[in-house]
Amino acid sequence: MKRFIFLLIVFLFLFNDCYSQEDTIKYKLKPVTITATRIAEPWIGVPLALSVINVNGTLAGKGYGIDEILSSIPGVLAQSRYGNQDVRISIRGFGARGAGAKSNAGTSRGIRILLDGFPETEPDGRTSMDLIDISGAGSVEVVRSNASAVWGNASGGVVNVISNSGFDEPYADVQSSFGSYGFHKEMVQAGTMLDAGRFFLSLSNTNSKGWRYHSSSTQTLINTGIVSPLGDRTSLGVYLTGSGNLFRIPGPLSQAQYDSLAEQADSTFIKRDERRFNRLGRIGVTLSHDINHANSISTSAFIGTKYLQRSERGTFRDFNRYHVGGNATYRNNISFSDEVKNILLVGADEAYQDGALHFYTLTASGDRSTTVKANKREGANNFGVFIQNEISIGNKFSVIAGARYDNITYYYNDYISPQLDDSKSFEHITPKAGITYRLSATQSIYANFGGGVEAPAGNEVDPVPTFGTDTVRALNSLLEPITSVTVELGTKHIVLLGGEERIGSLIYDAALYWLEVRNDIIPYDDGGYYFTAGRTQRMGAEVSVNLQLNNGLSFETAMTFSNNKYKEYLIDSVHLDQSRAGHYADLKDNKMSGVPEFFYSIGLRYSPKVLKSAYAKITALGVGDYFADDRNLYKTPAYNIINVSVGVDNFKIPDSKLFVRGFFGINNLTDQKYASSVWINPQLNSMGKPVYLEPGLPRNFIGSVSLGIYL
């Protein structure tokens with residue numbers, strides 16, 4: 001609490017505008033976010049914690065896992081589990097449970113992931129990263145506040161990856177990347193003008209042998225589209241993306257295994273050849289039209305197919321799914337006077353996923369046998385309607401308020417045991433309200449209040465096996481929606497350094513938050529079944545600073561401090577040991593598992609003008625210790641990682657239209673041994689020891705060379 005009070009004092013000090021000269025300097029703020037309020041507004045005027053990172057197809061990294069982008073954002077814990085696309089993501093504690101054996105490899109929970117505004121998140125709240133290739137992105141927008149009031153189920157945070165369609169002139173480039181442990185990636189990017197519109201293309205093939213045994217992976221991904229106006233008041237976007245990927249899962253280790261040989265894999269995972277092989281694609285269309293100067297509509301629709309195969313928990317699993325949906329939004333702008341303006345937004349979202357599941361026994365080599373264990377159908381529908389209204393008074397003050405109704409329904413049919421057929425619905429109304437006050441043209445303070453809702457994901461509604469309940473019902477009747485309340489206070493500031501002389505700029509934002517979660521869902525038996533904690537309390541502070549100097553030196557940092565506790569949490573021991581019926585464990589005031597209370601990133605980059613686009617960069621990433629279990633018995637040690645790189649960014653070859661990019665970097669420079677992720681509430685092995693640690697990569701190198709041409 002003392003730390004929290006100190007941070008509050010620092011936060012209030014940041015309100016003080018010490019740069020009075022900036023008011024005399026005109027600074028044009030562009031609309032840089034569409035994910036927060038579902039309308040384009042300046043970052044500084046939105047009463048939510050937001051981060052926007054420009055990539056423009058020039059990411060200096062593997063471009064394999066989304067953690068390479070998210071690790072530099074406060075409040076966002078992004079941990080690569082095996083060095084590929086399987087990333088554990090948590091935003092202010094939401095999504096922390098997304099690691100384990102049962103349907104958790106390669107997926108996250110509680111966080112809504114979008115690609116060009118289309119949902120990667122399925123109707124039940126699970127998200128796979130199969131269609132995400134950040135090396136081909138134009139920008140990444142992150143809402144760190146709970147956004148359920150506009151995005152619905154499982155929106156404890158929102159990540160929108162936007163394709164690189166904002167180029168100024170036609171181009172094409174070919175990139176080859178290479179690195180330790182057999183990593184190599186080939187990529188083609190291109191973009192051209194189509195009258196007033198743009199066509200973009202990103203095609204990549206990535207392979208890695210993996211640093212741990214049984215952790216190889218491969219991914220082929222295409223992302224292409226056309227964005228074009230159809231007239232003065234109408235615009236159209238057509239997006240097509242597809243991917244095929246295979247990755248093997250090494251599993252977690254006990255402390256003894258981790259200490260003796262961190263690169264080893266769990267022997268059972270090797271024997272069963274646990275893996276995921278996913279092939280999927282999606283086409284999406286957006287259409288927006290300005291009816292007149294005061295009214296506009298926007299719509300989108302998408303359809304995707306998924307063919308997923310897994311060796312998981314002793315069975316081979318075939319999934320054939322389709323995912324369809326869309327949204328429609330109406331916007332009305334009214335000016336009550338020169339000073340008072342109003343924006344009304346009304347919209348609806350619909351997403352439906354369905355398909356067949358066939359489970360087979362495994363052969364001795366971990367392949368699919370001919371023996372069918374299960375023949376099922378699993379469907380999920382997510383319908384929501386929302387309304388929000390924003391009123392602005394002059395250029396100083398704005399108030400936004402709204403609410404959303406969601407209905408999430410699961411459908412289950414068992415064609416072998418039809419008595420298990422079941423369905424279950426979760427309904428909730430989520431409110432929101434926010435206030436923004438601009439202290440100057442480049443500084444604002446804000447406050448918001450908002451609710452949140454998250455239905456248990458598809459596999460999380462599986463019944464508890466106690467007393468054979470799983471042979472009576474197909475869905476867990478004990479679980480209720482996860483609901484939350486968030487209160488947030490923040491400031492955003494753009495400082496132009498040096499007055500009229502302009503020596504650089506400083507951008508910072510800071511946020512304090514308090515949130516309470518009811519029915520926080522907790523995995524047991526490595527995700528075999530789930531219970532809920534009665535009430536969880538999380539509060540924290542986030543600070544982001546970006547300093548850019550005209551001499552080529554830049555500095556950026558993101559820091560997160562938090563306190564996360566269970567406030568009500570009784571465990572009925574009968575579910576863990578039937579001989580202990582009537583006994584309860586009270587975990588009140590225990591630390592929340594899977595969430596460190598401190599983590600940070602610090603980056604320093606120098607790009608001297610005399611060397612024309614060359615740069616050197618050093619980055620430090622750190623995560624404090626945290627518990628892997630609700631009883632707070634198994635602590636994951638803190639770690640600090642240092643990465644360094646040198647490179648050339650878009651160097652134009654004289655007297656030609658050619659340009660070159662390239663870099664070479666060393667990650668984990670000090671070769672620190674650390675656990676990059678954990679399994680929550682782990683099982684015990686035959687020696688009675690918990691198996692939960694997922695070792696992070698040791699020292700490794702990464703390099704890339706790209707040659708392009710402006711057409």
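Every read-out reported here was derived from the displayed coordinates using simple, explicitly stated rules and does not represent laboratory data. What you are looking at is a predicted structure, and each value in this text was computed from that prediction instead of being measured. Here the Cβ positions follow ideal geometry from the backbone for every residue, glycine too, while neighbour counts run over all protein chains shown.
Taking the Cα-to-Cβ direction at Glu169 and at Ser425 and moving 7 Å from each Cα, how far apart do the two end points lie in nm?
Using points 7 Å along Cα→Cβ, the separation is 5.8 nm.
Taking 8 Å as the Cα distance limit and 6 or more residues as the minimum spacing, I'd like the relative contact order of the chain as a percentage.
Relative contact order comes out at 11 percent.
Could you state the number of Å between the C-alpha centres of region 349-363 and region 120-162?
Between the Cα centre of region 120-162 and that of region 349-363, the gap is 22 Å.
Sequence gap at least 6, Cα distance under 8 Å: using those rules, report the relative contact order of region 378-432 to the nearest whole percent.
Reported relative contact order: 36 percent.
Roughly how tilted is helix 2-14, in degrees to the nearest 10 and between 0 and 90, from the longest Cα axis of the chain?
Rounded to the nearest ten degrees, it is 20.
One-quarter of the Cα convex hull surface for the chain, in nm²?
30.8
On a 20 Å Cα-Cα criterion, which of the cross-link pairs Lys209/Lys617; Lys591/Lys673; Lys62/Lys609; Lys376/Lys424 come out too long?
Beyond 20 Å: Lys209/Lys617; Lys591/Lys673; Lys62/Lys609.
Between Tyr213 and Met687, what is the spin-label point distance in nm, taking each point 7 Å from the Cα along the Cα→C-beta axis?
Computed distance between label sites Tyr213 and Met687 equals 1.5 nm.
Taking the alpha-carbon distance from Lys373 and a cut-off under 18 Å, which lysines remain once sequence neighbours fewer than 8 residues away in the same chain are dropped?
Lys102
Restricting to the chain, compute how many DSSP beta bridges are antiparallel as a %, nearest 5.
Just about 100 percent of them are antiparallel.
May I ask you to give the average projected area over all directions of the convex hull of the Cα atoms of region 558-692, in nm² rounded to one decimal?
Values: hull surface 51.9 nm².
For region 558-692, the mean projected area of the Cα convex hull comes to 13.0 nm².
Name the residues of region 307-331 whose amide N is less than 19 Å from a point 7 angstrom out from the Cα of Lys373 along the C-beta direction?
308-320
Step by step: find N for region 113-164, compute 2.2 N^0.38 Å, then divide the Cα radius of gyration by it. What's the final number?
After normalising by residue count via 2.2 N^0.38 Å, the value is 1.09.
Under 20 Å from a label point 7 Å along Cα→Cβ of Tyr415: give me every residue in region 335-366 with its amide N that close.
353-362
Restricting to DSSP H runs of at least four residues, report the calculated mean residue ellipticity at 222 nm for the chain, -39500 (n - 2.57) per run over all residues, nearest 500 deg cm²/dmol.
The helix-only estimate for the chain comes to -1000 deg cm²/dmol at 222 nm.
Give the separation of the Cα centroids, region 188-203 to region 628-681, in Å.
30
Could you put Val324, Val55 in order, starting from the residue whose Cβ has the fewest other Cβ atoms within 10 Å?
Starting with the residue having the fewest Cβ neighbours, the order is Val324, Val55.
Taking the Cα centre of the chain as origin, work out the dipole magnitude from +1 charges on Lys and Arg Cβ and -1 charges on Asp and Glu Cβ, in debye rounded to 20. Let's see the in-between values first.
Values: 67 positive and 69 negative charges, 192 e Å.
Rounded to the nearest 20 debye, it is 920 debye.
With r defined as the distance between the Cβ atoms of Leu711 and Asn205 and R0 fixed at 25 Å, what FRET efficiency is calculated, to the nearest 0.05?
Working: r = 23 Å, r/R0 = 0.94.
Efficiency, rounded to the nearest 0.05: 0.60.
To the nearest 0.05, what FRET efficiency results for Asn333 and Asp232 with a Förster distance of 22 Å applied to their C-beta separation?
Approximately 0.80, to the nearest 0.05.
With bins 10 Å wide starting at 0, give me the P(r) of region 64-201 over every alpha carbon pair, in whole percents.
Spelled out per bin, shortest first, that is 11, 39, 31, 17, 2, 0.
Identify all lysines with a Cα-Cα distance to Lys396 below 28 Å; exclude those on the same chain that are fewer than 8 residues away in sequence.
Within the straight-line cut-off, Lys396 pairs with Lys26, Lys28, Lys30, Lys341, Lys432, Lys492.
Students often forget the sequence filter, so: which aspartates and glutamates lie under 19 Å Cα-Cα from Lys612 once same-chain residues fewer than 8 apart are removed?
Those aspartates and glutamates meeting the cut-off are Asp649, Asp655.
To two decimal places, what compactness ratio does region 592-660 give when its Cα radius of gyration is scaled by 2.2 N^0.38 Å? Spell out each step's value before the answer.
Values: Rg = 20.2 Å, N = 69, 2.2 N^0.38 = 11.0 Å.
Rounded to two decimals, the normalised Rg is 1.84.
On a full-extension model of 0.36 nm per residue, what is the gain between Leu611 and His289, subtracting their alpha-carbon distance, rounded to one decimal in nm?
111.3 nm
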